[in-house]
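The values are calculated or read from the model by the stated rules, or taken from the named source; none is laboratory data. Just so we're clear, the structure is a prediction, and the values are computed from it rather than from any experiment. Note: ideal-geometry Cβ built from the backbone for every residue, glycine included; neighbour counts use all protein chains shown.
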Amino acid sequence: MSILKKIGLGIGAKGYKIPIFVNTWNNRIIAREGDYFSKDLLENAVIAGKKFDVKIVEVKDSFFMKDFHKLMTKEVEKYGFVTENLKFLKDLEILIAKIKLPERIIEELAWIKDNYDYNYHHITAVVGLAARIAKDFFINDDDVLKTIEAGLTYDIGIGRVSKNIINKLGFLNKEERHIMNYHPIYSSLLIAHYYKTYESYLIDVALNHHESLDGTGYPRGIKVNDIITHIIKLSDLFDALISARPFRKFYSVKEAFEICEKLIKDGKIIPEILPIIYSYYLFVDKYPYT
């Protein structure tokens with residue numbers, strides 16, 4: 001099924017008025033403030049992408065691998081359960097190194113790294129969390145690799161949100177929150193442009209990683225039950241919870257697990273992930289951090 005039909009872009013699209021302009025790596029605008037997120041807008045992003053030759057590069061040759069290793073080894077108190085005291089770190093790095101991306105995606109990650117320190121840290125952590133969950137959930141590596149690629153691409157739209165909003169001390173106002181809540185749409189447009197197709201699960205994951213099983217998420221408030229999307233959603237949420245932010249306290253690893261468990265039991269996240277969450281929680285108890 002076409003992803004345009006699957007995500008229903010042609011239905012109710014007038015409800016998704018984009019609050020900022022979205023530009024590409026070379027400042028080509030693929031959405032203007034006031035445009036409506038629609039089938040045509042996504043297709044136009046694809047058409048614009050076809051005008052440029054984009055080199056496909058291996059993640060193993062990028063700065064990301066070094067940054068990932070540094071994060072997982074430096075912040076063991078947070079991410080030790082991902083690698084089990086580094087036991088599985090090499091396995092995860094081998095999987096991540098297999099991913100190939102459009103060079104412009106790497107450049108987007110570099111932009112976020114240089115300008116949005118927390119968000120780059122967050123994306124790096126989410127890749128590790130999602131890779132571990134996927135490795136424990138899926139039988140074959142193909143699905144694990146799809147999950148890792150989704151982790152590398154799902155949040156690139158955050159680089160289109162103003163630094164004044166990203167770094168604001170205190171709570172966002174209504175307009176700022178609206179701009180922030182639409183970042184999944186910015187990501188989907190950029191992915192369509194760089195991959196030169198709208199027939200990609202990566203667009204689906206980017207669009208829906210803040211949606212819920214019961215339809216209470218954002219920005220579109222639809223019901224989503226795709227397993228890779230929910231793995232990314234859970235990983236995104238978990239790392240956000242254990243990270244300090246200007247507008248709220250951070251939670252301990254155990255507290256974050258408990259919050260995720262409650263969301264699963266409340267029908268926000270698919271229940272198939274719950275046994276894996278339990279296993280990580282027990283691991284934290286068995287191997288306390290030092």
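Listing for the model above:
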quantity	calculated
Segment 159-194, residues that are of a type in the set (Ser, Thr, Tyr) and surrounded by fewer than 21 Cβ atoms within 10 Å (Cβ to Cβ)	162
From the options 81, 64, 68, residue that is at pLDDT below 90 and either assigned to a helix (DSSP H, G or I) or buried (at least 18 other Cβ atoms within 10 Å of the Cβ) (or both)	81
Test: residue in segment 227-237 that is among the hydroxyl-bearing types (Ser, Thr, Tyr), closer than 23 Å to residue 55 by Cβ and out of contact with any Phe, Trp or Tyr (no Cβ under 7 Å at 6 or more places or on another chain)	no
Residue that is crowded, with 21+ Cβ neighbours inside 10 Å and either without any contact (Cβ under 8 Å) to a residue 24 or more places away in the chain or within 15 Å of residue 239 (Cβ to Cβ) (or both), where the choices are 152, 109, 86	152
Test: residue in segment 92-101 that is touching a His at 6+ places or on another chain (Cβ under 7 Å) and closer than 24 Å to residue 129 by Cα	yes
Those residues of segment 112-149 which are touching a Ser or Thr at 6+ places or on another chain (Cβ under 9 Å) and surrounded by fewer than 17 Cβ atoms within 10 Å (Cβ to Cβ), in sequence order	118, 136
The lone exception for residue 139 - which of (1) in a helix (DSSP H, G or I); (2) out of contact with any helix residue (DSSP H, G or I) (no Cβ under 7 Å at 6 or more places or on another chain); (3) aliphatic (A, V, I, L, M) it fails	(1)
